[in-house]
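S.K.: One structure, pasted below without further comment.
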Amino acid sequence: MKKEFKLLSIGNSFSEDAHRYAYDILKSIGYENIIIANLYIGGASLKLHDEQISLNLNNYIFQIYDNNGYLETSNYSVKQAINYDGWHFITVQQSSYDSGVISSYEPYLTNIIKYIQSNIKNNNYKLYFHMTWPYEDDAQHPGFTNYNNDRRKMFENIIDTYQKVIKINKNINGFIPNTVSIENARTNKVFLPLTRDGYHLSLNLGRYIASLTLIGALLDVDIRDFKDLYKPNELTTKACEYAINCAHHALKKPLNITMINL
């Protein structure tokens, strides 16, 4: 029987970043029937997702990696996406600029979860929360002012929000610690910057780290155990090893930064 993996993210460009290498990683570790899907609206917050759901709007781009390649479909709704297939995993996330703002989560998160529970075909799915990463020190994003334009403060606020909102939510099965994996990667300046504009991840190394963390968290595996693990051709062997270590330590210690040596 073919190993299956079906993931739907109700997200934005940050889940788009984390999905980039997920299909290739899964293929390299023995999965054959793979669907990696993202409901995309740029900068979408939990509040916006809740509004889309409550009004049954179709303003998303549905982005899919599967055995046929990559495809985008416009004018998609959350209801259509949930009914697209029997998902094994669903992830949700807050907009990056609100990720460390506790007051921005409810009642939207609860409403989204209730909708998923009422509409999903596969009752054996697991719901994960995708923790997004802090901006670069010099990021020009207007939402950075929520944290006084301080990367360390943004990191601490995201972790604090996890502890007070996500960890205590009994409907959430786990979380994806990309807050920590990307901060781990920033401990060695050789590989900086990790973003292409101050907040979206660099197309190769940043995205590879996020994809490794995503798959490692969902499968609950030590990604270092896979001898034939996919490594992007665009990255050096040393960069790939660094990415794997950054993700591994985030999965092992998902709320604390680890200094990563070369």
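Where a number appears in this text, it was derived from the coordinates with a stated rule and is not lab data. Bear in mind the structure is a predicted one, so any value in this text is a computation, not a measurement. Here Cβ is always computed from backbone atoms with ideal geometry, including for glycine, and neighbour counts include all displayed protein chains.
S.K.: Treating cross-link reach as a plain straight distance, find the lysines whose alpha-carbon is under 22 Å from the alpha-carbon of Lys3, omitting any fewer than eight places away in the same chain.
M.R.: Correct list for Lys3: Lys27, Lys121, Lys126, Lys227, Lys231.
S.K.: If you place +1 on the Cβ of every Lys and Arg and -1 on the Cβ of every Asp and Glu, how big does the dipole about the Cα centre of the range 71-227 come out, in debye to the nearest 20?
M.R.: Roughly 340 debye, rounded to the nearest 20.
S.K.: To the nearest 0.05, how large is the calculated FRET efficiency for Ser103 and Met259 if R₀ is 35 Å and r is the Cβ-Cβ distance?
M.R.: Using R0 = 35 Å, I get an efficiency of 0.60.
S.K.: Where a Cα-Cα gap under 12 Å defines reach, which aspartates and glutamates qualify for Lys6, not counting those fewer than 8 residues away within the same chain?
M.R.: Glu32, Asp66, Asp85
S.K.: Here is a follow-up. Give the separation of the Cα centroids, the range 137-175 to the range 192-230, in Å.
M.R.: Here the two parts' Cα centres lie 19 Å apart.
S.K.: Starting from the range 7-85, pick out the GluC sites (Glu not before Pro) whose DSSP state is loop and whose Cβ has at most 13 other Cβ atoms within 10 Å.
M.R.: Glu32
S.K.: Sticking with this one: Treating only the Cβ atoms of Lys and Arg (+1) and Asp and Glu (-1) as charged, compute the dipole magnitude of the chain about its Cα centre; round to the nearest 20 debye.
M.R.: Working: 26 positive and 26 negative charges, 111 e Å.
Computed about the Cα centre, the dipole is about 540 debye.
S.K.: For the range 92-220, what percent of Cα pairs sit more than 18 Å apart?
M.R.: On the way: 4541 of 8256 pairs.
Of the Cα pairs, 55 percent sit more than 18 Å apart.
S.K.: Okay, moving on. Tell me which aspartates and glutamates have Cα within less than 19 Å of Lys167's Cα, excluding those fewer than 8 residues away on the same chain?
M.R.: In chain and number order, the partners are Asp98, Glu106, Glu156, Asp220.
S.K.: Also: Along the charge dipole of the chain, which of Leu219, Ile90, Thr236 sits closest to the positive end, that is, farthest toward it, with unit charges on the beta carbon of Lys, Arg, Asp and Glu (+1, +1, -1, -1)?
M.R.: Leu219
S.K.: Any chance you could tell me what percent of the C-alpha pair distances in the chain go past 22 Å?
M.R.: 52 percent
S.K.: Using +1 at the Cβ of each Lys and Arg and -1 at the Cβ of each Asp and Glu in the chain, identify which of Ser99, Asn119, Ser202 lies farthest towards the dipole's positive end.
M.R.: Of the candidates, Asn119 comes out farthest on the positive side.
S.K.: Find out how many positive minus negative residues lie around Gly206, taking Lys and Arg as positive, Asp and Glu as negative, among other residues whose Cβ is under 13 Å from that of Gly206.
M.R.: -2
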